[in-house]
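What follows is one structure encoded as structure tokens, with my remarks underneath.
The values are calculated or read from the model by the stated rules, or taken from the named source; none is laboratory data. Not measured: the values here are computed from a predicted model. Reconstructed Cβ throughout: ideal geometry from the backbone, glycine too, with neighbour counts over all protein chains shown. For accessibility, only protein heavy atoms count, side chains too; no ligands or nucleic acids. Shrake-Rupley method; radii C 1.70, N 1.55, O 1.52, S 1.80 Å.
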Amino acid sequence: MGFLNAIRSFIVIFNYFCMAFTLLLDIIYIIQLFVSLVRVHKNYNKTFSDDFHSYVDSDNLLPISLIIPAYNEEENIVQNIKSLLTINYPMFEIIVVNDGSTDKTGDLVVNAFHMHKIETSIRYQIPTQKIEAIYFSKKYPNLLYVQKQNGGKSDALNAGINISRYPLFTCLDADSRIEKDALLRLSMEFIKDSRTVVAGGLVRIANGSKIVNGELKGFSMPKKLIERFQIVEYYRSFLMGRVFWSASNSLLIVSGAFGLFRKQTVIDVGGYKRNTIGEDMEIIVRIHRYMRKNRKKYKIKFNEFSICWTQGPMSIQDIRSQRRRWQIGLMDTLVSHAGMTFNPRYGMVGLFSVPYNWIFELFGAAVEAIGYFLIPFTLIMGELNMFFFVIYFLLSVALGVILSEGSLVLEQYTHRAAMSAKQSIAISVYAVLENFGYRQMITLFRMEGIIKYRKLRKTWGKIKRKEFEQ
């Protein structure tokens with residue numbers, strides 16, 4: 001009986017711990033939301049009082065290399081390149097790196113842009129798999145196509161860095177679209193502050209949107225619930241969280257879909273890590289570590305008005321694969337840089353940002369997932385007060401709704417008039433509904449990522465895509 005009583009006591013204590021943990025996390029989110037609202041409001045007034053278009057012809061703008069790693073991207077690759085060729089920026093080059101695709105990706109690019117093979121020297125500042133051929137087009141002189149042996153996304157990015165000519169580069173997913181002025185807005189961060197080494201843009205879900213040559217021409221609600229929930233989720237996680245951490249120069253991730261880097265800094269830290277599926281977070285953490293270790297002044301910024309559109313998963317299986325991969329990438333990065341945790345040598349990054357990701361982003365998924373099963377079980381067994389449980393549940397849901405609705409307010413600042421009043425109301429409804437099933441499902445997928453870390457830590461998986469609506 002003593003053993004059973006001990007187990008019962010442990011379960012009850014763990015239940016209260018789960019409740020306290022969840023409420024603490026929601027309070028932290030509320031603080032993030034408040035800081036983000038203040039900051040975005042301030043940046044909105046500042047951004048639109050500046051005539052950033054006047055810098056288009058400025059000699060101060062640094063030329064940019066756009067690197068597109070591609071593996072079996074025949075559905076979108078040609079369309080994406082055509083869109084990028086129309087961006088509003090004075091000097092840029094596009095480097096498409098075909099990482100050993102087994103479909104028609106290469107043939108489509110070569111034929112669509114009238115490209116032919118050239119002989120050129122390559123300075124291998126970062127080791128990569130063998131580059132088999134480089135193609136050039138007289139019709140599109142700022143476009144290069146690279147054929148290389150398969151080595152993964154990181155290896156493709158490193159190859160693009162080696163071939164690139166310009167001091168800034170941006171990594172873009174082959175299935176994404178950037179708005180016409182996005183690079184101009186993002187490059188301004190390097191002009192405003194010479195200490196800037198990385199600037200990240202805002203990623204939005206393109207499902208339901210009509211995007212032509214980098215311009216949003218219309219928005220309609222996606223057909224599937226899972227796509228609609230992702231729109232709300234991206235507002236909350238990509239906008240609220242990243243604005244908050246950027247304010248203290250402790251942002252740990254710049255989305256692999258859209259980030260602008262000072263090339264020499266990435267070369268100095270050794271390029272993208274090859275044996276990880278979370279290369280976008282790992283490179284940022286390694287830059288923090290390198291710059292602080294060498295006592296160099298630097299800034300890693302987030303610009304919420306530089307927008308990139310990406311396709312969200314359209315099935316539960318695909319979103320499961322994506323979120324599981326994200327969690328594995330998070331865990332891999334934190335394990336690789338565990339020495340930064342609570343280390344004052346790394347300032348805010350070591351004392352707050354890294355521990356936050358350990359406690360709330362990594363282990364938080366496990367605590368929530370276990371709580372989903374244990375708390376109801378304890379309630380059924382009569383070990384938990386029903387009144388307390390109902391109050392906790394309602395408070396937790398209310399906080400979740402506040403966060404989601406607050407994120408929609410942030411969205412209106414960054415992309416006003418993108419949605420009609422009717423669509424905004426509809427999205428607000430989904431911001432409430434996502435708290436009843438969707439968020440719990442995502443938590444379970446993240447938990448699966450932790451459990452299968454060793455098995456899947458080098459496996460990317462494939463998400464089904466479709467052509468962007470034109």
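Below is a table of values for the structure above.
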| item | result |
| --- | --- |
| Within the chain, helix-based [θ] at 222 nm, where runs of 4 or more DSSP H residues each add -39,500 (n - 2.57), nearest 500 | -15500 deg cm²/dmol |
| Placed amide H near residue 196: partners under 5 Å, 5+ positions off or other chain | 299 |
| Loop chymotrypsin sites (Phe, Trp or Tyr not before Pro), the range 62-125, which have at most 12 other Cβ atoms in a 10 Å radius of their Cβ (DSSP) | 124 |
| Surrounding net charge for residue 114, when Lys and Arg each add one and Asp and Glu each subtract one, Cβ distance under 10 Å | +2 |
| Overall form of the range 250-353 per C-alpha gyration tensor (a/c, 1.5; a/b vs b/c) | prolate |
| The range 272-369: trypsin sites (Lys or Arg not before Pro) in DSSP loop, at most 13 other beta carbons within 10 Å | 295, 296, 297 |
| Largest-first ordering by accessible area, 1.4 Å probe, given options 179, 279 | 179, 279 |
| Heavy atoms of residue 73 accessible to a 1.4 Å probe, total area in Å² rounded to 10 | 30 Å² |
| Sparse-neighbourhood loop sites, chymotrypsin sites (Phe, Trp or Tyr not before Pro) in the range 373-457 - DSSP loop, at most 14 other Cβ within 10 angstrom | 436 |
| Counted charge near residue 103, where neighbours are those whose Cβ lies closer than 11 Å (Asp, Glu -1; Lys, Arg +1) | -3 |
| Residue-normalised accessible area of the chain, expressed per residue, 1.4 Å probe, Å² | 44 Å² |
| Long-range amide H partners of residue 212 with built H, under 5 Å | 217 |
| Cα shape, the range 98-208, gyration tensor, a/c 1.5 rule | prolate |
| Residue 148 long-range amide H proximity, modeled H, under 5 Å | 98, 100, 132 |
| Vicinal HN-Hα couplings computed from phi for the range 62-67 (Karplus, 6.51 cos²θ - 1.76 cosθ + 1.60; Hz; Gly/Pro x) | 7, x, 10, 9, 9, 9 |
| Structure-derived Rg and Dmax of the Cα atoms in Å: which label, when the choices are (1) 22.9, 83; (2) 22.4, 72; (3) 20.9, 71 | (1) |
| Carbon plus sulfur fraction of accessible area for the chain, probe 1.4 Å, in percent | 59 percent |
| 15 Å beta-carbon shell around residue 274, net charge (K/R +1, D/E -1) | +1 |
| Potential lengthening between residue 390 and residue 88 on full extension [0.36 nm per residue; Cα-Cα distance subtracted] | 103.4 nm |
| Estimated vicinal HN-Hα couplings, Hz - the range 332-344 in sequence order (Karplus 6.51, -1.76, 1.60; Gly, Pro = x) | 4, 5, 5, 5, 5, 10, 4, x, 7, 5, 6, 9, x |
